[in-house]
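The values are calculated or read from the model by the stated rules, or taken from the named source; none is laboratory data. It should be emphasised that the depicted structure is a prediction, and the values quoted were computed from it without experimental measurement. Note: ideal-geometry Cβ built from the backbone for every residue, glycine included; neighbour counts use all protein chains shown.
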Ligand SMILES: [Zn+2]
């Protein structure tokens with residue numbers, strides 16, 4: 001497989017350039033200019049102490065899928081302690097560095113999907129919607145994870161979606177269409193770098209793509225020394241440095257709905273870090289809060305807040321790790337925004353997160369329960385934390401009946417009428433919580449605004465200002481190409 005990588009050609013020159021640029025950056029950083037909010041954190045001494053003029057050895061790249069700026073602001077309201085006067089900062093706020101532009105290079109669409117957005121983050125190239133790390137001519141593009149593996153670093157992919165979903169896939173697979181999930185799983189196993197599987201740690205959902213129907217990939221990984229785990233306890237007890245963890249058949253359940261046996265995003269991240277950090281040459285780890293987007297699509301504000309909470313925990317944990325391991329850079333950003341979330345709707349200047357705090361289950365969870373044949377009234381009463389209007393309950397029951405009829409007639413799993421009836425049911429279930437919280441939505445798809453970028457650790461200022469989504473990968477390639485540790489070890 002031949003890769004396009006214009007960054008690899010300029011190692012010596014860019015090394016000198018990067019060293020001088022970084023040196024300058026950190027001189028001004030240490031002297032406190034232009035880093036006001038970091039100075040308050042007492043971080044200047046940390047950076048002075050390690051004389052940090054080199055690139056990060058380890059990179060934790062975090063993607064809040066669909067986490068547009070409205071999501072970050074809404075979560076600030078939601079997570080606020082109501083007993084204090086001012087709106088408290090989230091874990092993200094103090095690490096805000098800038099924004100990312102997200103537009104794809106698609107012949108028809110100028111708002112990105114997660115495949116084109118992920119490809120930009122992973123490879124430094126814009127491409128068409130649906131592309132998994134291939135360019136517009138369907139040629140493979142090298143990912144930062146593949147570069148890390150070439151350099152002998154350890155590598156990991158952690159997500160709450162299927163591990164074959166677009167955002168994780170772009171790091172270790174190359175296919176022309178994101179729906180080719182069997183092929184993506186096959187490439188995870190078959191495609192090797194220096195005789196090794198590309199990702200040492202693969203954690204998330206999507207077991208259906210690794211079983212008998214797709215060549216028993218779990219067995220094959222185990223034969224090659226990987227632990228295969230399917231729940232939180234097994235993950236905690238995993239001893240091997242390499243692990244395949246698949247915790248659900250498809251996407252993992254949302255944090256608010258998940259059984260205790262399910263690992264949370266932060267559990268998976270911790271397990272990944274404990275394995276990857278054993279390699280002296282460092283690591284690259286991608287961590288995705290996937291279900292922020294998957295809740296945004298059906299306009300499920302309860303699900304969105306649940307998953308923002310899960311992603312914030314994982315982010316804070318990565319920051320804590322970086323504070324203890326000074327050679328680790330943490331970057332968190334989003335690939336796009338989803339749903340056109342708005343913080344208030346109607347004529348009132350009010351958004352009411354208290355209503356969301358009362359909810360016991362996400363709208364998506366209640367929809368699935370009713371779609372699977374459970375009694376609508378019982379599901380709603382168990383999932384809602386406040387009085388559900390009786391007129392609306394009638395609408396839910398009608399929608400449930402319509403869905404049942406569509407299901408009975410449907411010939412395939414992705415029948416269009418079933419999908420439409422499911423959307424109608426979910427809208428009916430969620431109307432009271434969207435109204436009560438004053439949450440507005442404009443679409444079931446993505447929106448094109450710039451997204452926030454947060455960073456902490458060596459070279460964090462490379463992510464400052466308004467950047468292109470491809471710049472994240474370009475920075476990481478630069479760090480790895482000029483990584484003194486791994487380049488020495490290569491020779
Ligand atoms: Zn999406």
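Could you check region 306-342 and list, in sequence order, the residues that are within 16 Å of the ligand (Cβ to nearest atom) and part of a strand (DSSP E or B)?
Step one: filter region 306-342 for residues within 16 Å of the ligand (Cβ to nearest atom), giving 307-308, 311, 333-341.
333, 337, 338, listed by residue number.
When you go through 182, 177 one by one, which is the residue that is surrounded by fewer than 22 Cβ atoms within 10 Å (Cβ to Cβ), touching a residue at least 24 places away in the same chain (Cβ under 8 Å) and in a loop (DSSP other than H, G, I, E, B)?
Working: 182 fails: in a loop (DSSP other than H, G, I, E, B).
Result: 177 is the single residue among 182, 177 that is surrounded by fewer than 22 Cβ atoms within 10 Å (Cβ to Cβ), touching a residue at least 24 places away in the same chain (Cβ under 8 Å) and in a loop (DSSP other than H, G, I, E, B).
Wholly within region 31-113, which helices (runs of 4 or more DSSP H) include no fewer than the required count, namely at least 2 residues that are modelled with pLDDT under 95 and more than 16 Å from the ligand (Cβ to nearest atom)?
Fully inside region 31-113 and qualifying: 36-40, 43-49.
Those residues that are under 34 Å from the mean Cα position of the chain (by Cα), assigned to a helix (DSSP H, G or I) and closer than 13 Å to residue 432 by Cβ, I need them from region 375-391; list them, please.
If the condition is that a residue be under 34 Å from the mean Cα position of the chain (by Cα), assigned to a helix (DSSP H, G or I) and closer than 13 Å to residue 432 by Cβ, then 380, 381, 383 are the ones that fit.
For residue 137, indicate whether it is within 16 Å of the ligand (Cβ to nearest atom), farther than 30 Å from residue 356 by Cβ and not in a strand (DSSP E or B).
It is false that residue 137 is within 16 Å of the ligand (Cβ to nearest atom), farther than 30 Å from residue 356 by Cβ and not in a strand (DSSP E or B).
Yes or no, residue by residue, for (1) in contact (Cβ under 8 Å) with a residue 40 or more places away in the chain; (2) within 16 Å of the ligand (Cβ to nearest atom):
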| residue | (1), (2) |
| --- | --- |
| 385 | no, no |
| 409 | no, no |
| 441 | yes, yes |
| 446 | yes, yes |
| 449 | yes, yes |
| 456 | yes, no |
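Considering region 140-174 alone, what residues qualify as being part of a strand (DSSP E or B), more than 17 Å from residue 64 (Cα to Cα) and out of contact with any helix residue (DSSP H, G or I) (no Cβ under 6 Å at 6 or more places or on another chain)? I'd like the intermediate steps shown before the answer.
First, the residues of region 140-174 that are part of a strand (DSSP E or B): 140-141, 154-162.
So of that shortlist, the ones also more than 17 Å from residue 64 (Cα to Cα) come out as 140-141, 154-155.
140 - this is the single residue of region 140-174 that is part of a strand (DSSP E or B), more than 17 Å from residue 64 (Cα to Cα) and out of contact with any helix residue (DSSP H, G or I) (no Cβ under 6 Å at 6 or more places or on another chain).
So, restricting to helices (runs of 4 or more DSSP H) that lie completely within region 406-491, which ones have at least 2 residues that are closer than 30 Å to residue 55 by Cβ?
The qualifying helices (runs of 4 or more DSSP H) are 469-481, 484-490.
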